[in-house]
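Read the structure below first, then the notes.
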Amino acid sequence: MDKILSFYGDESGFPACQYQAIAVVSGPKKITLQLREELASVLRENKLTEIKFNEIGTHAPKVNAAHEFLSCCVTDYLRNGLVRVDILCWDTHDKRHSVAGRDDIANLKRMWYKILVLAARHWNADTWSF
């Protein structure tokens, strides 16, 4: 298997929300590039430039694209172990994070480090690509 690991990630809730999260899709670079192209094709077919799941509502092209995204990712890639999705959530009001003078940027960096190392260890990656 390709030893170059590719990551796609995003955070949610930063910096103002109590609950924050990072989600990372990872896998061999060749596979994640293939998945990326399939998802881009779904966007083109639905005449969309992007899809934000919190903006889907009842807009038919976005609903259709969301269904296709999930079907493609879950059925074709996740279920077959071709990619992995890791999600790290934390509560900034939890006693472990509720520290006087807390540096939220430094904390976010630590969380990114934790989730990326977790994914890299799973894949036994030699090289990372972001």
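Miscellaneous remarks
- Using R0 = 25 Å, the C-beta based FRET efficiency linking Asp126 and Gln34 works out to 0.80.
- Using the rule -39500 (n - 2.57) for each DSSP H run of four or more residues, divided by the residues of the chain, the 222 nm mean residue ellipticity is -12000 deg cm²/dmol.
- Placed amide H near Ile4: partners under 5 Å, 5+ positions off or other chain: Lys29
- Only protein atoms count toward the accessible area here, which uses a 1.4 Å probe; on the chain, the carbon and sulfur part of that area reaches 55 percent.
- Arg44-His67 FRET efficiency (beta carbon distance; Förster radius 22 Å; 0.05 resolution): 0.85
- When the Gaussian network model of the chain links Cα atoms closer than 10 Å, the mean-square fluctuations of Glu38, Glu68, Glu55 top out at Glu55.
- For region 1-82, the Cα-based Rg and Dmax, in that order, read 14.3, 41 Å.
- GNM remark for the chain: springs join alpha carbons under 10 Å apart, and the peak mean-square fluctuation among Lys29, Lys95, Lys47 falls on Lys95.
- Surface per residue (accessible, 1.4 Å probe) for region 53-130, Å²: 69
The values are calculated or read from the model by the stated rules, or taken from the named source; none is laboratory data. Because the structure is a prediction, the values reported are computed rather than measured. Every residue, glycine as well, gets a Cβ built from its backbone with ideal geometry; the counts of neighbours run over all protein chains shown. Quick note on the areas: whole protein, heavy atoms, side chains included, nothing else; ligands and nucleic acids left out. Shrake-Rupley method; radii C 1.70, N 1.55, O 1.52, S 1.80 Å.
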